[in-house]
Every structure is written in structure tokens, then in C-alpha cells.
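Enquirer: The structure is given below, and queries will be raised subsequently.
The values are calculated or read from the model by the stated rules, or taken from the named source; none is laboratory data. All values reported here derive from a predicted model rather than from experimental measurement. Virtual Cβ from ideal backbone geometry, glycine too; neighbours counted across all protein chains shown. The area values use the complete protein model at the heavy-atom level, side chains included, leaving out ligands, DNA and RNA. Shrake-Rupley method; radii C 1.70, N 1.55, O 1.52, S 1.80 Å.
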Amino acid sequence: MSAEQTRAILADAQHIAALTGAGISAESGIPTFRSNTSSTEPRATASGPVPLWDRFRPEDLATPEAFARDPQLVWQWYDWRRSLIAQAQPNPGHLALAELARRLPRFTLITQNVDGLHDRAGSHALKLHGDIWDLRCTICGHERHDPAPSLDPLPPYCNCGGSGESRCRGMMRPGVVWFGEPLPAHIWQQAEEAASSCDVFLVIGTSALVYPAAGLVHIAKNHGARIIEINPADTPLSGIVDVAWRSPAASALPQLLQP
Ligand code: BV8
Ligand code: ZN
């Protein structure tokens, strides 16, 4: 029923916007933020205790304070995530959104994810929270894109200014938006404009707990857009959506491409 309802709504839409969260990458093997792996007690498994990261909550590590307190720990977390993402592939959900964009008169993809899988699927996404493959110098602001699955040395240092004494040597940080940091203004403006002008807003694979990203759904709703939520579970937004499609993204989204 949800697939037919959604296809009918999309059929006469002129501008569709989509907001994705960690859930769209779950079927690529990348853990979501708030699945049960964020328990405080490490889960023992047959092969022994699970990796370190099950003992931390993202809100405890993805902050400027955590980085100032223990940059090595924060970098180990990001290095672990980068190595995990490097082994992942875009899934049929990512690929379906890229194909949808090619077919529609206007399609705006907005993502909270930093994993770069939308890029690798062929989408152009507005990245509200940055990109895990980008590094930024904490001293001079020099930015570089570094696709290495594993960084060495860790933490990485700035290599701007060439060699010798002129080198900056500042510690690099992940090029992502941490809790308590503002979103990139030009990206946010584009996302807000899309939410205000779209006919249909797809909200895919997000717990809708993080703001201001989740607020885009309210902006779209208040401007008269139809809201379609694709998520196996309920979220705080479920009460205001027009269609709650309780399905994993990798099986739901390809159905939007069917005639
Ligand atoms: C800011 C990058 C202001 C780093 C991330 C009200 C207004 C404004 C701010 C706030 C506010 N209230 C609180 C705040 C502060 C805070 C916030 O929202 N806190 C939360 C915890 C309450 N917000 C901020 O700090 C933001 N900044 O407001 O700045 C400002 C202005 C001026 C000057 C100074 C400051 C910045 C927030 C960005 C944080 N960075 N990521 C990194 O990745 O390391 S957030 C991180 O968690 C992700 O990027 C993502 O955005 C976010 C939420 O995660 P989800 O994507 O939703 O994933 P989650 O695991 O939670 O849920 C997965 C979902 O998928 C589930 O629903 C599940 O059912 C579903 N699912 C599972 N499998 C599937 C599936 N769905 C489909 N298919 C499947 N197969
Ligand atoms: Zn520098």
C-alpha cells in the first residue's frame, strides 16, 4: 500500500526533496548512531567483547570538547569509521535516489550522513554535517580531502606551506559538524530553500532527533508539502507525515522507480 501511495504522490510532483540519515547506510553495513550498539555496556559476542566504540555515545565523541580533551580517542573513532565506510558500498537505496534525481524535473537530496555513499552512488547531496573524508587544520583552516582508509600518522597534521620551517604543523580535525557547532550556512540555506519550495518531502532513515536537520521536515510541512517517511520504526515525526512507509530504505526506494 505505501509503495502505491508514494508513487501516486510522486507522480505529479514538480520538486521533490529528500532528507537522509544513518538508516539509509545501515544496509551498506554501517552502524547507525542510535541502534543498540550505543549501549553503555560493551556487548559480549561469540568472538569476545565488541569493539571499543560500543561504550561511547556519538554525542560524547562528536563534540569540540571531546576533541580538545582527547584528540587521539576521537581520531581513533573516526579512523575506525573511515575504515568501515571504505569497505562499504552504496546500496540499492542510495542508487535509487541517484536514479530518481535523473528522472525528475527537480530533486534536492539533503543528507545528515558524512559517509560519502550518496556521492559514490552518483548523487549530488547537500551535506548538512560535512564529510568524514575531509580534514581541516585546527590552526590555519587548510582543508584537504583524504580518502585513505586508515590515517597514518594519527592524528594527521597539516601539510600546508610545503616543507621546512614554513610548514604549519597544526593538528587536523575531521571535516564534519560536531554537536554544538553551526551547520555550513550556504548548505543550510539551500536545504531550507528546498524544504520551503518542494511539493513532496521524503524523510529516509533518520531518528529525527538531531536539529536543525530534523526541522526541515516541519518547514516542508508548513509550506504545504506532502511528507513521506521511509523507516522501519516510528520516529517523533511519524505523527505529522502523510505516508509512514515502514520498510528498510534499500527495499522501499527501488520500488519508486517501478512504473
Ligand atoms: C547546532 C556529524 C547551533 C558528526 C552529526 C534545537 C535547535 C538547534 C540545535 C539543537 C536543538 N536541540 C538540540 C540541539 C543541539 C544539537 C542536537 O540536535 N542534539 C540532539 C542530540 C538533541 N544540534 C547541534 O548541535 C547541531 N548544531 O544546532 O548548532 C549553533 C548555531 C550557531 C552557533 C553555534 C551553534 C549540529 C548537529 C550535528 C551533529 N553531527 N554528525 C559525525 O557523524 O561524526 S549528527 C549525527 O547524528 C548524524 O550526522 C545524524 O545527523 C544524527 C542523527 O542520526 P540519524 O541519522 O537520525 O541516525 P540514528 O542512528 O539516530 O537513526 C537511524 C534511523 O534509521 C532510525 O530511525 C532507524 O529506525 C532507521 N533505520 C535503521 N535501519 C534502516 C533505517 N531506516 C531505513 N532503512 C533502514 N535499513
Ligand atoms: Zn595548517
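Enquirer: Mind telling me which of the residues 174, 184 ends up being within 23 Å of residue 59 (Cα to Cα), modelled with pLDDT of 95 or more and within 16 Å of ligand 2 (Cβ to nearest atom)?
Expert: 174
Enquirer: Quick check, is residue 253 within 21 Å of residue 11 (Cα to Cα), modelled with pLDDT under 95 and away from ligand 2 (no atom under 16 Å from the Cβ)? Full working, then the answer.
Expert: Details: within 21 Å of residue 11 (Cα to Cα): yes; modelled with pLDDT under 95: no; away from ligand 2 (no atom under 16 Å from the Cβ): yes.
Answer is no for this residue.
Enquirer: Mind checking whether some residue in the range 195-211 is open to solvent by 40 Å² or more (accessible area, probe 1.4 Å) and either assigned to a strand (DSSP E or B) or within 11 Å of ligand 2 (Cβ to nearest atom) (or both)?
Expert: Scanning the range 195-211, I find no residue that is open to solvent by 40 Å² or more (accessible area, probe 1.4 Å) and either assigned to a strand (DSSP E or B) or within 11 Å of ligand 2 (Cβ to nearest atom) (or both), so the answer is no.
Enquirer: Exactly one of these conditions fails for residue 176: (1) open to solvent by 20 Å² or more (accessible area, probe 1.4 Å); (2) within 13 Å of ligand 1 (Cβ to nearest atom); (3) farther than 28 Å from residue 5 by Cα; (4) in contact (Cβ under 8 Å) with a residue 60 or more places away in the chain. Give me its number.
Expert: (1)
Enquirer: Looking for something surrounded by 15 or more Cβ atoms within 10 Å (Cβ to Cβ), at pLDDT 95 or above, under 19 Å from the mean Cα position of the chain (by Cα) and of a type outside the set (A, V, I, L, M, F, W, C) - is there at least one such residue anywhere in the range 223-232?
Expert: Yes: the range 223-232 contains one or more residues that are surrounded by 15 or more Cβ atoms within 10 Å (Cβ to Cβ), at pLDDT 95 or above, under 19 Å from the mean Cα position of the chain (by Cα) and of a type outside the set (A, V, I, L, M, F, W, C).
Enquirer: Check the range 114-134 and report whether any residue there is in a loop (DSSP other than H, G, I, E, B) and either within 16 Å of ligand 2 (Cβ to nearest atom) or without any contact (Cβ under 8 Å) to a residue 24 or more places away in the chain (or both).
Expert: Yes; the residues of the range 114-134 include at least one that is in a loop (DSSP other than H, G, I, E, B) and either within 16 Å of ligand 2 (Cβ to nearest atom) or without any contact (Cβ under 8 Å) to a residue 24 or more places away in the chain (or both).
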